[in-house]
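The values are calculated or read from the model by the stated rules, or taken from the named source; none is laboratory data. Note that the coordinates shown come from a computational prediction; the quantities given were computed from them, not determined experimentally. We place every Cβ from the backbone using ideal geometry, glycine too, and count neighbours over all the protein chains shown.
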Amino acid sequence: MDNEKQGDYVPNSHLSLSIPHPTQQNSQSYASITTKNQTSSKFPDKQQAVLFTSIDDVKIEDYLIALGSIVNPKDIIFASRISQNRICIYFSSKQLVDNFLKNYGSIKISNQILTARKLITPSQRIVLSGVCPSTSIPHSILEAELIKLGLNLLSPINFLKINASRPECPLLPHNEPTSSDIFTQRTEFTNTIGSNDESHQNISTTPVNKDGSVHSEKQNEENTESMKSFETVAQGTPTVSVKRQISQSTPPHEDLEKQPTLKIAKTKKIKPDKSIHDEMQPLQRMFEDNKNNLALKFNQTLNFFEAAPQNTNILDLLKTYTDNVPGFLNDLDTIYPQCSRKLKTKITNIKRKLHHQIYQPDKPTPMDNELLSSQESLNT
């Protein structure tokens with residue numbers, strides 16, 4: 001007993017062990033193992049990602065080195081090159097993304113300043129379909145209903161416009177029936193909106209086809225009930241066979257040669273081009289709400305966009321409005337998600353020309369068609 005208390009080896013002691021069977025060790029299935037591994041790992045949210053413009057012949061490692069000098073490298077968890085010439089980098093938390101964009105907002109690589117922006121924009125566009133203009137529902141009532149749902153409105157409600165097929169026709173509001181659009185802060189829920197005022201009609205958002213016809217399940221049920229049921233009587237097959245007699249007359253001669261036909265070339269319809277003023281109009285409210293944070297006002301930005309195509313040195317043109325060139329480039333990234341397809345292309349060309357004239361002033365500025373040929377197609 002004394003030897004046992006002191007931890008010495010006792011030759012007469014016995015130790016019983018339970019050795020599992022080899023089949024019991026492999027009893028866990030592949031699905032249970034993978035599920036256990038997934039629960040232990042954390043997947044980042046899109047709110048934790050930022051985007052940078054991709055530079056040719058620059059590795060992702062250079063982006064991480066430049067970013068690691070500002071934030072802790074351990075807080076950078078993912079990095080990859082994505083479509084539309086962009087670099088996507090995930091941080092360890094959303095708060096770290098907000099602090100980086102607020103305090104820094106850019107990195108410097110190869111003597112170029114690259115402005116960062118969020119992967120998910122804080123605003124989104126809402127289209128209200130089925131709002132007929134004859135009901136005379138003011139926009140203020142619709143805005144009040146949206147505010148009751150907890151939406152933060154960033155712009156006033158505007159009518160959607162359509163392009164007329166002929167140049168002499170003006171831009172008219174939608175007629176199928178009229179739809180309205182508005183920019184709001186991004187949310188995670190969807191609601192149906194109706195007016196409670198007795199002087200206004202409640203509007204239902206029924207899908208409308210391009211030809212103006214409306215299809216609903218109720219109409220299909222009424223048409224089905226109105227149809228009368230009937231029985232189809234099978235006709236008997238005749239058992240007497242009739243042989244066709246040989247014709248004694250000669251069939252008329254048919255000319256097998258095809259006569260040449262004159263093909264008329266179809267003329268391509270040219271759609272009327274929207275002016276830059278119409279493209280910028282939905283952004284006016286956004287400029288007014290953030291006038292203290294933007295380098296240029298709405299009218300100044302509009303005048304700059306109109307004069308930029310006629311000037312070879314748009315950097316000097318921009319300095320006539322403001323000396324804060326990095327701030328203006330940051331403003332272009334801010335308004336970019338809310339722009340139309342045409343305006344996005346114009347903003348991309350302006351940014352490339354400015355970068356070219358800032359960092360490569362000795363080389364000639366590329367033309368717009370050269371920029372478009374090397375640019376990928378933009379998604380709206």
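A few points about this structure:
- In segment 314-364, the residues that are at pLDDT 85 or above and not in a helix (DSSP H, G or I): 320, 321, 322, 323, 324, 339, 340
- The strands (runs of 3 or more DSSP E) found entirely in segment 51-127 that carry 3 or more residues being of a type in the set (A, V, I, L, M, F, W, C) and at pLDDT 90 or above are 76-82, 86-91.
- The set of residues from segment 287-313 being of a type in the set (A, V, I, L, M), under 21 Å from residue 358 (Cβ atoms) and assigned to a helix (DSSP H, G or I) comprises 307, 308.
- Looking only at segment 125-140, residues that are surrounded by fewer than 16 Cβ atoms within 10 Å (Cβ to Cβ), at negative phi and in contact (Cβ under 8 Å) with a residue 40 or more places away in the chain come to 6 in all.
- Leading residue by the ranking (modelled with the highest pLDDT) among those in segment 35-50 that are surrounded by 10 or more Cβ atoms within 10 Å (Cβ to Cβ) and among the β-branched types (Val, Ile, Thr): 50
- Residue that is farthest from the chain's Cα centre (by Cα), among those in segment 314-331 that are closer than 24 Å to residue 84 by Cα and surrounded by fewer than 18 Cβ atoms within 10 Å (Cβ to Cβ): 325
- Segment 65-78, subset surrounded by 15 or more Cβ atoms within 10 Å (Cβ to Cβ) and under 27 Å from the mean Cα position of the chain (by Cα), residue farthest from residue 348 (Cα to Cα): 76
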